[in-house]
């Protein structure tokens, strides 16, 4: 049987800002059906890593393959077709502030499909219900709470039913109740809309809820990678320190 | 900071800025031919840039025409050449003041607006959100603005030229008692279509400079709201400087090509 191609593959990826090396030779493979949680303290380069994988930034050296295609030197115009197969949930939601909730979620559909208004409305309402926000169509982002914004951002990222979703700190800035709601939502998505994801977070409990693979980023490299069980039993000092709640800051 | 360090730091910043602007121009050129075309957005920009700037452009133009007529008529009267105030006003307006004043006034307003809008989208990650959705942000955000500017600035320049000439006529006729027929007759005798077209031709280049500076500064905004303020201020200054510098070189070029 032919081996299935990894969705995401990184080999020896380096990234520095103003001579400060954030990522130092990162390698990883994400297979279809896997949710990987990338954890680490503030400023260790988790978001940078996610942006590199999504093609929103370029590595200094190394190879990044998305759906089997090298993207590290791909022109923006050629990245677009690949990005339609991915979803990205931003830390601050990054909703279009002049558009209503409905128009935010409908945006990818209007750009990439020639669906009728009725089909678009049905799909948007389905995804707004999925994230627990039915009846919020006409609200503007400024009228939403932090948790609601995050959920609209998730609906927008999922509305085209992507093959892989990237979540950047989906629980950051949320109260425990909203964080749990978002966690349950992401866990629920795995059995439905999208079964492959990379979740960047510093929240261990949340990562345990949504991920079947974990990686701890420390000093620009993965200090450990494996199943949640393997990570919890790891005797790598940096991993133990992180699990003990000591911040890993670069 | 020593002079050498100051020059090195600012020289580096200027090189990065020029290089970035050049790269963006290349990207925009490449994207002009790519589908899809956002004509609805072009029309929105025409409204935002043009229709809402008409009053500013025309007010400046009519007063410039009047001042030109006042200054030239008073001085030309000393040589008994008051009847030739029309061609003086017309040549100044059509070749220089019409396109340059319109570009500086409307351009400053338009470009700072573009920088503020794109800059705030940049700092709130909305541009990255567009990219993540698979939208070509150059095609969606910059190309419509450039196309609208290429349409609007020549039209505003033509309007400003005409209103400037009318302003000149008002002063020449009402204050200096030059005959209106003589005013216009001398203009049509001495001013050629080439004078008019070189001014309008400049406005196309100014439109491109204004839009690209506004967009580049918006897209390269960093440092939150404080950075956004800095970028917007820089845009106004850079647009004015860009237009004035480009005007000199375009004048040299047009004189070389068409004179």
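The values are calculated or read from the model by the stated rules, or taken from the named source; none is laboratory data. Model, not experiment: these values are computed from the prediction. Neighbour counts are summed over all protein chains in view; Cβ atoms, including those assigned to glycine, are modelled from backbone coordinates with ideal geometry.
Tabulated data
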{"item": "Residue in region A:32-54 that is over 26 Å from residue B:139 (Cα atoms), within 14 Å of another protein chain (Cβ to nearest Cβ), within 18 Å of the chain's Cα centre (by Cα) and modelled with pLDDT under 95 present", "result": "yes"}
{"item": "Of residues in region A:84-102 being over 21 Å from residue B:123 (Cα atoms) and surrounded by fewer than 22 Cβ atoms within 10 Å (Cβ to Cβ), the one nearest to the other protein chains (Cβ to nearest Cβ)", "result": "A:84"}
{"item": "Meets criteria (more than 14 Å from chain B (Cβ to nearest Cβ), touching a helix residue (DSSP H, G or I) at 6+ places or on another chain (Cβ under 6 Å) and free of Cβ contacts under 8 Å to residues at least 40 places away in the same chain) for residue A:59", "result": "no"}
{"item": "Residue check for residue B:162: assigned to a helix (DSSP H, G or I), surrounded by 24 or more Cβ atoms within 10 Å (Cβ to Cβ) and either out of contact with any helix residue (DSSP H, G or I) (no Cβ under 7 Å at 6 or more places or on another chain) or free of Cβ contacts under 8 Å to residues at least 60 places away in the same chain (or both)", "result": "no"}
{"item": "Residue list for region B:123-137, restricted to those being more than 7 Å from every other protein chain (Cβ to nearest Cβ) and free of Cβ contacts under 8 Å to residues at least 24 places away in the same chain", "result": "B:130, B:137"}
{"item": "When residues of region B:102-122 are limited to those that are at the interface with chain A (Cβ under 10 Å from one of its Cβ atoms) and surrounded by fewer than 23 Cβ atoms within 10 Å (Cβ to Cβ), the one nearest to residue B:210 (Cα to Cα)", "result": "B:117"}
{"item": "Matching residues, region B:33-45, being within 21 Å of the chain's Cα centre (by Cα) and within 24 Å of residue B:220 (Cα to Cα)", "result": "B:41, B:42, B:44, B:45"}
{"item": "Yes/no for residue A:134 being under 11 Å from residue A:93 (Cβ atoms), touching a helix residue (DSSP H, G or I) at 6+ places or on another chain (Cβ under 9 Å), modelled with pLDDT of 80 or more and assigned to a loop (DSSP other than H, G, I, E, B)", "result": "no"}
